[in-house]
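Note sheet for the following structure.
What follows is calculated from the coordinates using simple rules that are stated; it is not laboratory data. Treat the numbers as computed from the prediction; the structure is a model and nothing was measured. Here Cβ is always computed from backbone atoms with ideal geometry, including for glycine, and neighbour counts include all displayed protein chains.
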């Protein structure tokens, strides 16, 4: 038995002493030519299928992430004069500031406020004290650290009435102190949740500005060569023969608090007017611009609400809900947007603009909106007299409307559409057009209007208090409809102290519903912000726009190139 076992083992050793591949090769060589061809084909198929399978598996697992590199050439109407967060006045000023400065807080892709120069913040004393801790490695573009003293200096300059900063009203009653090099504290006279929005103010480097007197601020070289802690820094300036800035070269600031921008740089070109800007976009001189209608444009709602605001003190008929209701639903908002605004707007029925996180009051759809409006008037005892072709009630004065608005092409076109609809309803409607300054001083401030076509800039903080609280009915308050509703007053106060986003949205939704149901205005539309970018530019997200410079809120995340990596290698920002 043992001899037989030894013989089997010797046979196995002899058989497998030749490597597998050598034996396979020898076997193939022993085949007939036709069989060799078949084996070769089958082997090739197996190898190709295996490689494709491995490639598909890899593709299903790999993640596409942005890569560094590339630039963007942006066109802008006008040229910046005040590249300083405290004095920026024009859109061009604010664009430059948005790219070169950063605040304690900033916006993310969802429109929410997130820490930027700050590492964290704490709200105490029932919403009246805000304490921010700065990141320990954050610097200005000249390499100097950002400290709490820079924050204090910036705020105190904003509070200086002699500087005449547009930011003065936001900071006038705020106490600020540096606790240590990285900690700064703000004390508010009363709780005000939208205060966080104010902390997006760009922080100035105190070591560069401290010795510049207020009267010298506008003329400082730092206005044209801003030094901030934003995502980009100035690397070159071009001027024309008159010394006016025509172009800026901005390069990525590698030490930016939220991480080096993916783009290597942004080239800004400035144009005299919208026509020249559009021509430059068309001929390829620039790759991006805002305000130019075209099929490639990204659309986002402005935080601006337009409508006709009623004033019953000037026209007693507007004291009746039925009259306001009928006039509102008689407006063809879709037709108005298409005819007057080229289709670039969103129809609305309430005061909260789209992009605020709520659904908003839906625009009703009627088979015959004029029949519905007439029915509402008739149910309130208004009678249409065919002979005079006007609506009357109890032999009183006929229902007529005079719309006052600004001498702005878009507003005049909107007013004409509303005039057409109300005239069709049987309500004689006339228009009075004023220059913007005259409208403010002669019409709005003294409340000298019965119907005012106007736009309210709500802002990202969604603070509607000044527009709809009953305490704001008289100048300088902005409650131009003289609206009074106790429930709305309470909600407006609550929203100002609420910090939980879900609760804010809930309250805003109720405010929108309550005001919409009272028809203090015939709300019409929220205009669209249009931003054209090159086809290869990715990562551009715009939720809502208050000022055109808001488009740069997430500019550090824009990218032209990408790469595929394994999930565990995805970088965090």
Assuming R0 = 56 Å, what is the FRET efficiency of residue 219 and residue 366, from their Cβ-Cβ distance, to the nearest 0.05?
0.40
Please order 468, 558 by the number of other Cβ within 10 Å, starting at the fewest.
558, 468
Compute the long axis of helix 33-61 from its Cα atoms, compare it with the longest principal axis of the Cα atoms of the chain, and write down the angle in degrees, 0 to 90, nearest 10.
40
Which percentage, to the nearest 5, of the DSSP beta bridges contained in the chain is antiparallel?
80
Using mean projected area of the Cα convex hull in nm² as the read-out, say which of (1) 29.6; (2) 46.2; (3) 31.0 was calculated from these coordinates.
(2)
Modelled label-to-label distance, residue 177 and residue 142, 7 Å Cα→beta-carbon offset: nm?
2.9
Can you give me the C-alpha center-to-center distance between the stretch 329-390 and the stretch 133-194, rounded to a whole angstrom?
46
Could you work out how much longer the chain between residue 242 and residue 38 gets when fully extended? Use 0.36 nm per residue separation minus the Cα distance between them, nm to one decimal.
65.4 nm
Cβ density ranking, 10 Å radius, fewest first, applied to 507, 550, 150, 394 yields 394, 507, 550, 150
Rounded, prolate or oblate: which fits the stretch 71-291, taking a ≥ b ≥ c as square roots of the Cα gyration tensor eigenvalues, rounded meaning a/c under 1.5, else prolate when a/b beats b/c?
prolate
Fully extended contour minus Cα-Cα distance, from residue 420 to residue 279, at 0.36 nm per residue:
47.3 nm
State the Cα centre-to-centre distance between the stretch 200-229 and the stretch 256-279 in whole Å.
22
If contacts are Cα pairs under 8 angstrom and at least 6 residues apart, what is the relative contact order of the stretch 81-165 in percent?
18
Between residue 484 and residue 457, 0.36 nm times their residue separation minus their Cα-Cα distance comes to what?
7.7 nm
When the helix-only estimate is applied to the chain (DSSP H runs of n ≥ 4, each -39,500 (n - 2.57), divided by the residue count), what is the mean residue ellipticity at 222 nm, nearest 500 deg cm²/dmol?
-9500 deg cm²/dmol
Three-way shape call for the stretch 427-541 based on the alpha-carbon gyration tensor, with the a/c threshold at 1.5:
oblate
Could you tell me how many degrees, from 0 to 90 and to the nearest 10, lie between the Cα long axis of helix 274-283 and the main elongation axis, the longest principal axis, of the Cα atoms of the chain?
20
Rounded, prolate or oblate (a/c below 1.5 giving rounded, otherwise prolate when a/b exceeds b/c) for the stretch 497-536 by Cα gyration tensor
oblate
So for R0 = 35 Å, FRET eff. of residue 494-residue 410 from the Cβ-Cβ r, to 0.05, ends up at 0.50
